[in-house]
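The values are calculated or read from the model by the stated rules, or taken from the named source; none is laboratory data. Note that the coordinates shown come from a computational prediction; the quantities given were computed from them, not determined experimentally. Heads up, the Cβs are rebuilt from the backbone with ideal geometry, glycines too, and the neighbour counts pull from every protein chain shown. The protein model used for the area step is the full one, side chains on, heavy atoms only, and it has no ligands, DNA or RNA in it. Shrake-Rupley method; radii C 1.70, N 1.55, O 1.52, S 1.80 Å.
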Amino acid sequence: MLNKQLISKVIGSLLLLEAAFMVLCVIVALCYHNKEFLPFFFSLIITAVAGMGLLRVGRGAPTTMSRRDAYVVVTLTWITFSIFGSLPYLFGGFFGTTKFYDIAGLSTITTNAFFETMSGFTTTGASMINDVESELDAHHAMLFWRSLSQWIGGLGIVFFTIAILPSMVGNTMKVFSAEATGPIRSKMHPRLSATAMRIWWVYIILTIGCGIAFWLAGMDGFSAINYAMTTTATGGFSIHNDSIAHFHSASIEYISLLFQYLSGINFSMLFMIIAMRKLTSWREFKRSERSKWSEFIHNEEWRFYTLTVLASTLFITAILMLSRGYGLEEGFRKSAFHVVSMMTTTGIFCDHVGGWPHITWILLCILMFVGACSGSTTGGFKSSRALMIIKVIRNEFIRMMHPRAVLPVSINGKAMPTSMVHSLLAFFAIYILACMGTTALMMAIGVDITNSVTISLSCITNAGLPLNELGPDMTWSVMPLYIKWICTGLMLLGRLEIFNVLILFTRSFWEDN
């Protein structure tokens with residue numbers, strides 16, 4: 001059975017961490033002399049009290065966690081974090097106010113607040129706020145909270161806890177497996193907590209570097225911090241209505257696409273590059289460092305990701321130059337930005353893509369579906385899975401001519417177990433079914449096919465595209481309540497790799513043996 005005490009202890013600890021993050025928002029509000037520190041103050045008090053209550057329930061709980069406990073902990077953590085994370089929106093009245101007896105009004109407000117929060121933590125970036133600049137004008141703490149929520153969720157809420165409080169989560173590998181993205185998990189240290197800490201250091205270094213680059217390119221400090229957090233988290237929330245395009249700066253666009261691209265690489269690979277010690281001689285390079293560079297350069301997933309970005313960029317650049325009269329530099333910059341933004345599921349725009357030829361929309365949606373590398377902050381199907389699917393298809397053609405041939409699916413020279421290939425095909429099937437089912441549901445309530453496809457792909461890939469960029473003008477806030485809840489569920493499914501959530505609804509999961 002479930003270890004309810006341990007689950008309460010872990011979630012209680014995480015709620016205390018969430019309350020600590022809310023303290024940062026209170027500080028931001030006080031620095032800008034905003035009265036909105038009160039919503040965050042009340043929110044952090046409630047969150048802290050709930051966390052301490054759960055810790056009390058879990059006092060003395062054993063630290064051994066089963067795989068069943070791990071799946072429950074991860075799913076409940078993301079839901080609980082989103083529930084308490086939506087309190088600042090409710091107390092601040094950012095989605096309106098109503099009487100307590102107005103059930104319909106309360107349902108709309110709470111749904112929008114939960115949607116916005118889940119979209120933040122899952123780095124989806126779909127927003128219920130149609131006009132950020134007017135609705136959140138001078139609300140610095142709330143803008144900071146939206147960006148911070150995406151930064152926290154970039155690598156994973158529980159993964160953050162493993163890094164700083166490993167003793168709070170027993171059997172960390174099971175928890176890591178329940179939250180990690182992609183089929184291939186890399187370890188850089190025998191202890192997972194040490195691996196988690198190193199990956200978080202890479203994440204912090206990328207964020208700081210991105211913020212400094214934005215500031216040097218002309219952003220003010222507050223904007224640089226917010227955009228750095230959402231860029232490295234590949235989230236997409238913005239403090240301006242037109243996001244990066246607000247600055248009308250080619251250098252800022254290049255910086256943004258560079259750090260989006262870097263955030264789409266497996267963070268274990270990035271750590272390997274950052275941690276390389278200074279070379280003292282060519283002989284030293286040949287003996288020790290050369291093998292590390294070779295491992296990075298010949299990593300199949302990274303090569304697939306990079307080559308896909310380059311090929312797609314060149315293709316769209318040529319189309320824009322021929323059909324829309326773009327210059328070479330502008331066409332390349334706009335193409336590269338949107339290709340990287342879509343493949344890393346950041347989902348931000350620096351040009352009106354709706355005016356581009358339709359073939360570019362199709363390609364960008366395919367890139368959004370495929371996604372970047374495993375072990376990054378990105379969503380989507382993941383490049384490693386796409387590469388494995390391609391190899392499975394190739395092997396089937398070969399097997400038609402040579403029925404007795406033994407054709408393993410290999411990544412980076414290592415044959416993948418048959419069980420992993422079966423899991424891959426099952427994951428691909430349910431991913432497609434989820435997209436098709438949501439699309440059909442959207443069309444059944446009268447949404448046009450373009451927006452139906454965009455909504456389903458945006459949620460399950462955690463891309464969160466602005467719906468007014470493609471197809472007829474539409475916003476997330478106008479959708480019916482039940483569609484918003486379905487989209488919220490899709491965000492969670494996409495972030496936790498679908499099976500890790502759906503397994504909770506199977507009969508076998510709850511059986512004693």
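Side notes on the structure shown:
- First in the range 261-275 and in a helix (DSSP H, G or I), second anywhere and open to solvent by 40 Å² or more (accessible area, probe 1.4 Å) and not polar (S, T, N, Q), Cβ under 6 Å, 6 or more apart: 268/188; 271/198; 272/292
- Checking 119, 86, 43 one by one, the residue that is closer than 17 Å to residue 485 by Cα and touching a residue at least 40 places away in the same chain (Cβ under 8 Å) is 119 and no other.
- Within the range 1-14, the residues that satisfy the criterion of being farther than 19 Å from residue 150 by Cβ and either open to solvent by 80 Å² or more (accessible area, probe 1.4 Å) or in a helix (DSSP H, G or I) (or both) are 1, 4, 5, 6, 7, 8, 9, 10, 11, 12, 13.
- Inclusion of residue 105 among residues that are more than 25 Å from residue 505 (Cα to Cα) and in contact (Cβ under 8 Å) with a residue 60 or more places away in the chain is not warranted.
- Annotation note: of 421, 392, 409, the sole residue that is within 20 Å of residue 301 (Cβ to Cβ), in contact with a Lys or Arg (Cβ under 6 Å, 6 or more places away or on another chain) and among the β-branched types (Val, Ile, Thr) is 409.
- Within the range 360-379, the only residue that satisfies the criterion of being assigned to a helix (DSSP H, G or I) and not hydrophobic (A, V, I, L, M, F, W, C) is 360.
- Neighbours by Cβ (under 9 Å, 6+ apart or cross-chain): first from the range 199-225, hydroxyl-bearing (Ser, Thr, Tyr); second open to solvent by less than 10 Å² (accessible area, probe 1.4 Å) and in a loop (DSSP other than H, G, I, E, B): 203/233; 203/377; 207/233
- Evaluation of residue 61 against (1) touching a Leu at 6+ places or on another chain (Cβ under 9 Å); (2) outside any loop (DSSP other than H, G, I, E, B) (one fails), failing number: (2)
- Among the residues listed as 38, 24, the single one being open to solvent by 20 Å² or more (accessible area, probe 1.4 Å) and either closer than 19 Å to residue 223 by Cα or among the β-branched types (Val, Ile, Thr) (or both): 24
- Test for residue 482: is it hydroxyl-bearing (Ser, Thr, Tyr), open to solvent by less than 10 Å² (accessible area, probe 1.4 Å) and in a helix (DSSP H, G or I): no
- Filter result (of a type outside the set (Ser, Thr, Tyr) and surrounded by fewer than 18 Cβ atoms within 10 Å (Cβ to Cβ)) within the range 216-257: 216, 217, 218, 220, 221, 222, 240, 241, 242, 246, 248, 250
- Cβ-Cβ distances below 8 Å connect the following pairs, each with a first residue in the range 385-403 that is without any contact (Cβ under 8 Å) to a residue 12 or more places away in the chain, a second residue that is assigned to a loop (DSSP other than H, G, I, E, B) and surrounded by 12 or more Cβ atoms within 10 Å (Cβ to Cβ), and a separation of six or more residues or different chains: 398/407; 399/407.
- Scanning the range 346-379 for residues that are open to solvent by 10 Å² or more (accessible area, probe 1.4 Å) and of a type in the set (Phe, Trp, Tyr), we see that the one that is nearest to residue 417 (Cα to Cα) is 369.
- Residue 104 fulfils the conditions (1) under 28 Å from residue 200 (Cβ atoms); (2) open to solvent by 20 Å² or more (accessible area, probe 1.4 Å) except for a single criterion, (1).
- Within the range 48-85, considering residues that are within 27 Å of the chain's Cα centre (by Cα), of a type outside the set (Val, Ile, Thr) and open to solvent by 10 Å² or more (accessible area, probe 1.4 Å), the one modelled with the lowest pLDDT: 66
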